[in-house]
Each structure stands twice: as structure tokens, then as C-alpha cells.
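Report on the following structure.
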Amino acid sequence: MRNTSAVYKEKNTFSLENSEVPYPEPEEVTIEVAYCGICGTDRHVFHGTMDERVGPDAVIGHEMSGVIRKVGHNVSDFKPGDHVVVRPLDWCGECPTCRRGHIHICENLNFIGVDSEGAFQKFWNVDQRILHRIPDDISLKNAALAEPLSVAAHDVRRAGMEEDDFALIIGGGPIGILIALVLRYHKRKFILSEINTSRLTMAESIGIETVNPMEENLEIAIRARNRGCLADVVFEVSASAPGAIEMSRLTRPRGKIVLVGIFGKNPEICLKDFFFKELELYGARVYERRDFEESLQLLAQKDFPFDTVISRVYDLVDIEKAFRSLDEDLSAMKILIRCSEEILE
């Protein structure tokens, strides 16, 4: 089989290259990639800010779905024709963190699609241990949301919300919206704070209650919805300087903050809030197997707003255009790359 890959060359540049598809190793499968979403990390690579980590001639991408075409001779749980998604984590199994069972934050973690070859290509060989089978009632296009939705599921699980807890989500980008959808799935109360009017309109169109802190006092809005209290849980998703300050100010005493956004530089935070209110701060990185399983269950719900969350689909040959469109259109949520035009739903 011949492969076509979008190879990152340098800042703002991909090259489409052809090669032979290697036969899968004994524990591997060959996947024909149907769709692969563009995430924030992919955009950083495209902008040239991760060249030291990624290096030249890299194939990136990890938010994918596809169809197994070949299996290695030790693969027994999967077969050609299976629809799958990949949980793109490769752990060592030997470090102290892995031995404690936290393989998703392995001290030697290989984040596949960044640290090693990813999914912006027609065919992709991956190990069977990181595969999840797609239920029959989820299309390949919609299944490409499983990875970012698993991030949101992990964020919510880290919060450990009680039934009556009220949450504030700071930031209405793709992950903020998906956190809101996971909270709604679990019947938890929340409000989403965002200053981009396009994102506010989109969120409201799918029934997410929002507030624009540039136009409305956020503290008053929270107290009005939470029995006079500040937020029990705050999800900081914006990775912005105002978000870093507001996250502790808007959390009630003994409340929780889940840090989701990745800050390029260490932000200013109010440690006095943490001291006086005895706040708890939780990091939330990637996902575990159970988060992928939950995300696939959520994607099977009939009321999931796929048409709103997936903004556009581009073919692999137009990958540079797709990345640039995300820079130009702040209203876009999730953009997918169709990596194989031959797969039919």
C-alpha cells in the first residue's frame, strides 16, 4: 500500500509526501485514517514554537478515527474492518509513576503525534494496546472528537463534583465547550465565562448558559446561580492572565480549581486566596482509558451537537489552509482533516 503523509517541514509549512506502508509489527495494526482533528498543540507546532521538541520532517496529529486494514500476528482483539480511535499515549511501565498506576502521566511519556509519528497521513501503524473500538452508532467523522472529549471527561473527573456543586468554566474554546457538555451529561450545574462574542453565541445555540465578564459582573452572576455562594469548582481553560487571577477569586472557601489551560509563561496568581480560603488546585493532563470509554458513550448520545462542535472539514491536501483558517476565524471550534477520501461511512 502507498501512503500519503502531511510532513511538517518548518514554520507554517507542510509537505505532502508518498511512501510505502510498512507491515505492522506483531503487536501493531495498520489503520487507514479517516479523520484527524487539529488541536492547540498542533497549532503551536505549525507556528514553529515547538521545533526543538518535534524536529524536522515530523508527522503530527492525534485526534483521529479510522479503519483497521492489517493486523500484526500477535493481535487477537482487533481485526481488519474494525472502526477505532487511538489513545495516543505510550508509557514505559517502569518509572515510579507508572508503577503507581498513573501511566497517562508516565515520567517518560511519549505523546504520540507530537513526540513520535502521528495521524495526519492516510495509513498509520500503532500498537494495539492504545486502541478503542468505535460503537456502531458513531460515525467516523464524529468519532474524531473522542480524544478532545476524553480530555474534558478527565478534567471533570479530576474535579470530583458533588451532586449540588456549581462550576464555573473560564474559557469557551473547544475544550471549554466540551467540559460544559460533559458536565451537562452528568447533570451538573455550571456557567461558562467567555469574552469572544462568536463563541458565546455558539455556546448559547447548544443550550450552554454563558456570561461575558466584559459586560456582566462575574461574581454577582455566580452568586445569583449558586445560592449566594461563589463557585464550588472552577475550571481554568483560558490559559490567560485574567483567568489565572480570577480562578481563585471566584472559588468559594474550601473549593476546587482544575487547571486545564496550558500557560506558556508562569502567570501571576493570588496565593493569598489559596491561604485564606484553603483552596485546592488540581492539575489535569490528558486522559486515562476510562475517560476514552466515557467519551465514546457521550458521543453515542442522540443530542450531542456534532454539527456545531465540528466547524469544517478539509482534505489532507489542504492541511495548510485548514491551519491558517483557525488563525483567521476565531469563531471556529473543531476543524477536521479528512486523511483518506476512499473511506465511506
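When you look at residue 199, is it charged (D, E, K, R) and more than 14 Å from residue 170 (Cβ to Cβ), yes or no? Don't jump to the end; show me each part of the working.
Values: charged (D, E, K, R): yes; more than 14 Å from residue 170 (Cβ to Cβ): no.
The answer is no for residue 199.
Suppose we filter 90, 42, 57, 51 for residues that are within 29 Å of residue 326 (Cα to Cα) and open to solvent by less than 10 Å² (accessible area, probe 1.4 Å); which single one remains?
Numbers: 90 fails: open to solvent by less than 10 Å² (accessible area, probe 1.4 Å); 57 fails: open to solvent by less than 10 Å² (accessible area, probe 1.4 Å); 51 fails: open to solvent by less than 10 Å² (accessible area, probe 1.4 Å).
Residue meeting the stated conditions: 42.
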Within the range 69-84, does at least one residue satisfy the condition of being surrounded by fewer than 19 Cβ atoms within 10 Å (Cβ to Cβ), at positive phi and of a type in the set (Gly, Ala, Ser)? yes
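Results for (1) open to solvent by less than 10 Å² (accessible area, probe 1.4 Å); (2) without any contact (Cβ under 8 Å) to a residue 60 or more places away in the chain; (3) part of a loop (DSSP other than H, G, I, E, B), shown as yes or no for each residue.
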| position | (1), (2), (3) |
| --- | --- |
| 124 | yes, no, no |
| 129 | no, no, no |
| 135 | no, no, yes |
| 142 | no, no, no |
| 158 | no, no, no |
| 163 | no, yes, yes |
| 184 | no, yes, no |
| 187 | no, yes, yes |
Scanning the range 109-158 residue by residue, those of a type in the set (Gly, Ala, Ser) and under 17 Å from the mean Cα position of the chain (by Cα) turn out to be 113, 118, 119, 143, 144, 146, 150, 152, 153
Of the conditions (1) more than 16 Å from the chain's Cα centre (by Cα); (2) of a type in the set (A, V, I, L, M, F, W, C); (3) not in a loop (DSSP other than H, G, I, E, B), residue 75 satisfies every one except a single condition; which number is it? (3)
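Could you tell me whether any residue of the range 54-66 is within 25 Å of residue 317 (Cα to Cα), assigned to a loop (DSSP other than H, G, I, E, B) and of a type in the set (A, V, I, L, M)? Full working, then the answer.
Keep residues of the range 54-66 that are within 25 Å of residue 317 (Cα to Cα), which gives 54-66.
Going one step further and asking which of them are assigned to a loop (DSSP other than H, G, I, E, B), we end up with 55-57, 59-62.
This time we only want the ones that are of a type in the set (A, V, I, L, M), so: 59-60.
Yes, the range 54-66 has at least one match.
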Counted residues in the range 193-215 being free of Cβ contacts under 8 Å to residues at least 24 places away in the same chain, closer than 15 Å to residue 236 by Cβ and assigned to a strand (DSSP E or B) come to 0
Tell me, which residue of the range 94-114 that is in contact with a Cys (Cβ under 8 Å, 6 or more places away or on another chain) and free of Cβ contacts under 8 Å to residues at least 12 places away in the same chain is nearest to residue 290 (Cα to Cα)? 98
In the range 258-280, which residues are touching a residue at least 40 places away in the same chain (Cβ under 8 Å) and over 28 Å from the mean Cα position of the chain (by Cα)? none
If we only count strands (runs of 3 or more DSSP E) wholly inside the range 260-345, which ones have 1 or more residues that are small (Gly, Ala, Ser) and either modelled with pLDDT of 95 or more or surrounded by fewer than 19 Cβ atoms within 10 Å (Cβ to Cβ) (or both)? 280-283, 310-315
Suppose we filter 41, 49 for residues that are touching a residue at least 60 places away in the same chain (Cβ under 8 Å), among the hydroxyl-bearing types (Ser, Thr, Tyr) and either farther than 17 Å from residue 143 by Cβ or touching a Ser or Thr at 6+ places or on another chain (Cβ under 6 Å) (or both); which single one remains? 41
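The values are calculated or read from the model by the stated rules, or taken from the named source; none is laboratory data. Quantities reported herein were computed from a predicted structural model and do not represent experimental measurements. All Cβ positions, glycine included, derive from the backbone under ideal geometry; neighbour counts span all protein chains shown. For accessibility, only protein heavy atoms count, side chains too; no ligands or nucleic acids. Shrake-Rupley method; radii C 1.70, N 1.55, O 1.52, S 1.80 Å.
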